[in-house]
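Worksheet for the structure shown next.
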Amino acid sequence: MTKEPEAEPEVEEAKHPEPKRFAAASVCLGRDAVVSMVSWIEIFGIALLIALIYPGFGARAYTPVHDAVGWDILRIDGNRAKEMVLFDHRGHQERQGEDRQACQVCHHLSKLHDGPTQCSVCHRDMYQSMPIFDHESHQQALGGNESCGKCHMRTKARENAKPCRECHPEFREHAGGFVARSYESAMHSLCVGCHRREDQEAGQQVLSKCTYCHPDIDDDDD
């Protein structure tokens, strides 16, 4: 009887490890990519550490505003940087008139039972916007927790609150939000806008020049 030759053992093929991949995109990770990822992780970690240690890092420091000094002539130096502007308060009163509506041209929002409230009461930071709405005082004045529906139509959210003018009709239309712009921005938008209109009507450029209010500055960019 002829003996059948024994079958040769199967040689297992060499198995190479599968390349590592991103599960989401199935993109191969080469060595350079891994090094790059590690570098970005390190950068992110350092930035996070700095943010935790120095919470104000990258944010502009709070710069409180000081009241103007004087009456007929106001000396305005909001951040006490010794860049004073002399404002002819009496002259503006005479041109605008001295009734309540004339005062509201500049004093567009006054506190309850107050006269012309100073700008710095709401525009409290020289360069940053500031919240001005005192929710607690309104809640107390209107009757506590049961008064929510007097201001909030649907849900107790700021977005669903009535405009301030509905309860305070004396406020000018551009007032009545929950946030006051920076003191610098408020002064410039109020003064420069009026000065430009005056110059346009007179056909000249005098009041709208920066140096009209800031005579000590070098640059007179408009």
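Read the figures in this text as sums done on the coordinates, not as results from a lab. In this text the structure is predicted, and so the values were computed from the model without any measurement. Counting neighbours? That spans all protein chains shown, and the Cβs are built from the backbone with ideal geometry, glycine included.
Quick notes on this structure:
- Residues with amide H under 5 Å from that of Ser129, placed H, sequence gap 5 or more: Ser182
- Extension reserve of the Cys210-Gln118 stretch, reckoned as 0.36 nm per residue once the Cα distance is removed: 30.8 nm
- Pairwise label distance in nanometres, Glu98 with Gln139, each label 7 Å out on the Cα-Cβ vector: 4.3 nm
- Neighbour counts of C-beta atoms inside 10 Å place Val192, Val179 in the sequence Val179, Val192, starting with the fewest.
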